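Scroll down for the structure; my scribbles are underneath it.
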């Protein structure tokens, strides 16, 4: 019985880079399976191949582009707010970048997970260009490091 691929091959550079990384990781870590979780794949690949790996560069650039696309697809009359969390409950070993949206009324709209990183600097590298750090508010959850507008 043929094994189903972990990623569907197509022309998307992110998918192709992820496929190559997973194949290379299986050579150094037999049985490795990212279970289609790109963030797990990135974390393990950085630990094995380093930040300068060309496939990791493709993935980071694509994720940054997709974060920008998410900002452009925001709800009408809203402001995207990118927030970096320090080891939240759902990813206790990582920094997490999420985007949410603030309506003119001040009501927040939950957004989506942009990515995870081992370091704060890694999370900042996933931010779309041109944002300004607004820090954090005293009333913010303790896991919030900073927000970006």
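The values are calculated or read from the model by the stated rules, or taken from the named source; none is laboratory data. Every value quoted in this text rests on a predicted model; they were computed, and no experiment measured them. Neighbour counts run over all protein chains shown; Cβ positions are idealised from the backbone, glycine included.
Filter region 17-50 down to the residues that are under 19 Å from residue 93 (Cα atoms), in a loop (DSSP other than H, G, I, E, B) and either at pLDDT 75 or above or in contact with a strand residue (DSSP E or B) (Cβ under 7 Å, 6 or more places away or on another chain) (or both) and list them by number.
Result: 50, single match.
I'd like the full set of residues that are touching a residue at least 60 places away in the same chain (Cβ under 8 Å) and not in a strand (DSSP E or B), limited to region 89-121.
Result: 118, single match.
So which residues in region 51-63 are at pLDDT below 80 and surrounded by fewer than 17 Cβ atoms within 10 Å (Cβ to Cβ), if there are any at all?
51, 61
Looking at (1) part of a loop (DSSP other than H, G, I, E, B); (2) modelled with pLDDT under 85; (3) surrounded by 13 or more Cβ atoms within 10 Å (Cβ to Cβ), which one does residue 76 not meet, given that it meets all the others?
Here residue 76 meets the rest and fails (3).
Does residue 59 satisfy the criteria of being under 23 Å from residue 16 (Cβ atoms) and in a strand (DSSP E or B)?
Details: under 23 Å from residue 16 (Cβ atoms): yes; in a strand (DSSP E or B): no.
The answer is no for residue 59.
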